[in-house]
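Colleague: Input: one structure, supplied below.
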Amino acid sequence: MEKIPVVQDIPAPEGKLHVRLTEGRFQNVRRLTSWPLLALFFSLVWIESNGEPWLLFSFEQHRILLFGNAISWRDLSLLAGLLIAAAALLFFVAVAWGRVWCGFACPQSIWTWMFIRIENITEGSAHTRARQARQPITGGLASRRLVKHLLWLALALATSATFVGYFVPIRQIINASAQFQLSVDIAAWIGIIALLTYLNAGLVREKICLHACPYARFQSVMFDADTQTVSYDQSRGEPRVSRRKGDGSAGDCVDCGICQQVCPTGIDIRNGLQAACIDCGACIDGCDQVMKKLGRPPGLIRFTSESRLQGQPGRVLRPRLTGYALVMVSAFAGVIFGFTDTTELLIEIRRDRTALFRQMDRNTVCNHYQIKVEGYQKQSNSVLVTLAEPAEFTLFGPPAIDLSENSANWLPYRICATIPQPVKRTLVFRFINGDSEARKETTFLTHRF
């Protein structure tokens with residue numbers, strides 16, 4: 001199967017792009033996609049269950065909270081599997097419908113559209129902004145641009161604080177900021193992410209899609225002749241003229257240029273499939289409006305495949321698409337199964353390295369240990385600590401560990417025994433948490449071993 005040729009040698013637009021906002025069905029789809037994602041991003045960080053965040057990647061507590069359930073950092077492989085499943089889903093979607101992820105759900109695109117809308121509100125339409133860019137900066141224009149950048153920075157700061165709130169509780173960040181007690185590390189991360197958001201969505205914008213995004217580099221390998229992408233119907237649109245000739249020899253394209261004016265990456269879709277195209281559908285909305293005003297049928301630019309443009313029937317099922325679907329389903333099934341068997345108790349036992357044993361009297365020898373227990377289940381906040389062989393050995397130390405206060409803390413324990421003969425024994429600690437039990441082995445040594 002040959003890959004679709006992607007036009008690579010078209011020069012990138014020079015200077016700043018003044019993207020023209022347009023309305024239409026794909027703009028509505030983008031709103032229906034991006035608004036719920038934005039609502040989830042900014043709200044999930046505030047939702048709590050039993051006093052704990054729904055979603056938190058806590059380095060301090062060595063745990064990940066997922067919708068009220070805690071998992072250990074040792075279960076990070078599940079998140080890796082989730083990323084693999086998401087990548088397979090992205091590839092499946094790309095083979096079927098092109099770069100719709102980039103055009104409708106990618107954070108770079110969503111934040112860029114928000115920054116463009118702020119720019120449109122403060123400085124005017126794209127035509128006005130382009131004209132003002134060629135004129136000297138006056139007091140009124142300077143004030144509007146100042147307001148624009150302040151709004152950009154406010155949105156970038158809200159974005160970065162929310163993002164960091166998924167690693168440090170957001171209420172802790174807000175309270176510490178209000179009291180001017182925010183740590184240098186957290187403040188630095190918030191500042192760095194805010195700066196990157198401001199640069200990417202406000203100043204760099206399409207350069208990310210043109211040069212930095214790796215997906216644009218290999219999309220031609222992902223696509224096939226039946227991939228549905230934003231395409232210009234050349235057979236219907238050419239030859240393009242500014243008005244229709246009386247003899248009917250002209251195509252439907254009137255060369256108005258609106259398809260390029262509304263494109264967030266500044267390309268002309270009439271030049272063919274290009275690496276910079278993010279399949280956002282803005283050019284479709286713009287062109288359909290022009291066709292409607294001219295009394296011509298919409299769809300001069302539309303989501304279609306190369307096969308259909310050539311008059312051939314498109315295929316829905318094909319080997320590459322089926323392969324990605326199988327990988328995606330298998331990966332998601334593996335992740336779901338993995339979440340049913342996550343770590344409930346994470347136990348570490350460390351012997352006292354300064355003295356392997358201590359002689360208490362002629363026949364009594366003690367070994368010292370440090371024990372750390374981390375709990376990741378809701379059944380009980382207390383873990384009972386006992387020995388599997390209490391007859392010969394005596395355990396000294398806290399009989400129960402309160403996970404709410406001592407989770408991830410090292411606690412001292414001592415095991416003593418009166419043994420007349422040399423011995424090296426394997427002991428088993430029992431940790432009882434609710435209805436579950438975990439066992440951990442260690443060794444007991446005497447000087448006569």
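The values are calculated or read from the model by the stated rules, or taken from the named source; none is laboratory data. Owing to the predicted nature of the structure, the values given are computational and were not obtained by experimental measurement. When we count neighbours, we look across all protein chains shown, and the Cβ atoms used for this are built from the backbone with ideal geometry, even at glycine. What goes into the accessible areas is simple: the full protein's heavy atoms, side chains included, and nothing from ligands, DNA or RNA. Shrake-Rupley method; radii C 1.70, N 1.55, O 1.52, S 1.80 Å.
Colleague: What number goes with the only condition from (1) surrounded by fewer than 12 Cβ atoms within 10 Å (Cβ to Cβ); (2) among the hydrophobic types (A, V, I, L, M, F, W, C); (3) modelled with pLDDT of 80 or more that Ala438 does not pass?
Modeller: Unmet condition: (1).
Colleague: Oh, and also: Restricting attention to the range 111-166, which residues are β-branched (Val, Ile, Thr) and open to solvent by 60 Å² or more (accessible area, probe 1.4 Å)? Steps first, please.
Modeller: In the first step, residues of the range 111-166 are kept if they are β-branched (Val, Ile, Thr); the result is 112, 116, 118, 121-122, 128, 137-138, 147, 159, 162, 164.
Matches in the range 111-166: Ile121, Ile137, Thr138, Val147.
Colleague: Suppose the filter is at pLDDT 90 or above and open to solvent by less than 60 Å² (accessible area, probe 1.4 Å); does Ala87 pass it?
Modeller: no
Colleague: Can you pull out every residue in the range 349-365 that is in contact (Cβ under 8 Å) with a residue 40 or more places away in the chain, within 18 Å of Asn409 (Cα to Cα) and either part of a helix (DSSP H, G or I) or open to solvent by less than 70 Å² (accessible area, probe 1.4 Å) (or both)?
Modeller: Answer for the range 349-365, where residues must be in contact (Cβ under 8 Å) with a residue 40 or more places away in the chain, within 18 Å of Asn409 (Cα to Cα) and either part of a helix (DSSP H, G or I) or open to solvent by less than 70 Å² (accessible area, probe 1.4 Å) (or both): Ile349, Arg351.
Colleague: If you don't mind, another one. Anything in the range 90-109 that is without any contact (Cβ under 8 Å) to a residue 12 or more places away in the chain and open to solvent by less than 40 Å² (accessible area, probe 1.4 Å)? List them, or say none.
Modeller: Val93
Colleague: A follow-up question, please. How do the helices (runs of 4 or more DSSP H) wholly within the range 232-344 filter down when requiring 2 or more residues that are open to solvent by less than 20 Å² (accessible area, probe 1.4 Å): which remain? Steps first, answer last, please.
Modeller: Working: elements: 234-237, 258-261, 282-294, 306-309, 319-339.
Helices (runs of 4 or more DSSP H) meeting the threshold: 258-261, 282-294, 319-339.
Colleague: May I ask you to verify whether Val184 is modelled with pLDDT of 90 or more, under 26 Å from Trp101 (Cα atoms) and open to solvent by 30 Å² or more (accessible area, probe 1.4 Å)?
Modeller: In short, no.
Colleague: While we're looking at this one, here's another question. Where residues in the range 279-302 are of a type in the set (A, V, I, L, M) and out of contact with any Pro (no Cβ under 7 Å at 6 or more places or on another chain), which of them is modelled with the lowest pLDDT?
Modeller: Leu294
Colleague: Give me a count of the residues in the range 58-79 that are open to solvent by 50 Å² or more (accessible area, probe 1.4 Å) and on the phi < 0 side of the Ramachandran plot.
Modeller: Within the range 58-79, residues that are open to solvent by 50 Å² or more (accessible area, probe 1.4 Å) and on the phi < 0 side of the Ramachandran plot number 8.
Colleague: Moving to a separate point now. Ser380 versus (1) loosely packed, with under 14 Cβ neighbours inside 10 Å; (2) at pLDDT below 80: which is the lone unmet condition?
Modeller: The one condition Ser380 does not meet is (1).
Colleague: Still on this model: One residue is enough: does the range 204-213 have a residue meeting the conditions modelled with pLDDT of 90 or more, open to solvent by 60 Å² or more (accessible area, probe 1.4 Å) and not in a helix (DSSP H, G or I)?
Modeller: No - not one qualifying residue is present in the range 204-213.
Colleague: Still on this structure, please answer the following. Which residue pairs have Cβ atoms under 6 Å apart, sit 6 or more places apart or on different chains, and have a first residue in the range 112-126 that is part of a helix (DSSP H, G or I) and a second that is open to solvent by 30 Å² or more (accessible area, probe 1.4 Å) and not hydrophobic (A, V, I, L, M, F, W, C)?
Modeller: Note: pairs meeting the criteria are Thr122/Arg144; Glu123/Arg144; Ala126/His18; Ala126/Arg20.
Colleague: Being of a type outside the set (S, T, N, Q) and open to solvent by less than 50 Å² (accessible area, probe 1.4 Å) is the requirement here; does Ile47 meet it? Spell out how you get there, then give the answer.
Modeller: Numbers: of a type outside the set (S, T, N, Q): yes; open to solvent by less than 50 Å² (accessible area, probe 1.4 Å): no.
No.
Colleague: Hey, could you check the range 84-111 for residues that are outside any helix (DSSP H, G or I) and hydrophobic (A, V, I, L, M, F, W, C) and say which is nearest to the chain's Cα centre (by Cα)?
Modeller: Top of the filtered list is Cys106.
Colleague: Six or more apart or on different chains, Cβ atoms under 6 Å: show the pairs whose first residue is in the range 318-347 and within 29 Å of Asn69 (Cα to Cα) and whose second is of a type outside the set (Val, Ile, Thr) and in a loop (DSSP other than H, G, I, E, B).
Modeller: So the pair list comes out as Thr343/Tyr376; Glu344/Tyr376; Glu344/Gln377.
Colleague: Still on this structure, I have one more. Can you name the residue in the range 214-223 that is out of contact with any helix residue (DSSP H, G or I) (no Cβ under 8 Å at 6 or more places or on another chain) and of a type outside the set (Ser, Thr, Tyr) and is also surrounded by the fewest Cβ atoms within 10 Å (Cβ to Cβ) among such residues?
Modeller: For the range 214-223, the residue satisfying everything is Pro214.
Colleague: Out of (1) of a type outside the set (Asp, Glu); (2) surrounded by fewer than 16 Cβ atoms within 10 Å (Cβ to Cβ); (3) at pLDDT below 85; (4) not in a loop (DSSP other than H, G, I, E, B), what's the single condition that is false for Arg448?
Modeller: Every listed condition holds for Arg448 apart from (4).
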